[in-house]
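Report on the following structure.
Coordinate-derived values only; no laboratory data. Treat the numbers as computed from the prediction; the structure is a model and nothing was measured. Positions of Cβ are generated from backbone atoms using ideal geometry, with glycine treated the same way; all protein chains shown enter the neighbour counts.
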Amino acid sequence: MSPEEISRVRRQMVDQAVKLAINGNWEEAANLNRDILALLGEQADSYNRLGKAMSELGKPEEARAAYARSLELDPSNTIAKRNLDKLAIGAGSGGTPSQIDTRMFVEDTGKSTTTMLQAVDSEIVRDLDAGDVVELRVEG
């Protein structure tokens, strides 16, 4: 394959991996990122995506390994650093969903927001995760 063809295939595979993640298909996203790494070589962004998928699948050790490898490939990789820190906080907190350590959340200007919810059914909130889409309605 020519370098242009390799670049095109990589871009297509990465786009598909991102779509799988956006749709919450974490197992498929993880598998595709592993394929990208095996077929197209090690790149920090592929390890970042794999780390996110492993985190979402409840596999923190595999997530740590992926983020650590990403950081080895790119020592200035802030995404890998933040996620390793987040995993370290989560490992040490031992908290329940009602006692989440807010240091686990990352705020980037222009990319995230924090909203305080009041009078929300705790059964519903318990199942929410950072990044989940919610619809807020005022009643009454």
Label-to-label distance, nm, for residues given as Asn31 and Val134 (7 Å Cα→Cβ offset): 3.3
HN-Hα J in Hz across segment 10-16 - Karplus 6.51, -1.76, 1.60, θ = phi - 60°, x for Gly and Pro: 4, 4, 5, 5, 5, 4, 5
Residue exposure sequence - Arg137, Arg126 - by fewest surrounding Cβ within 10 Å: Arg137, Arg126
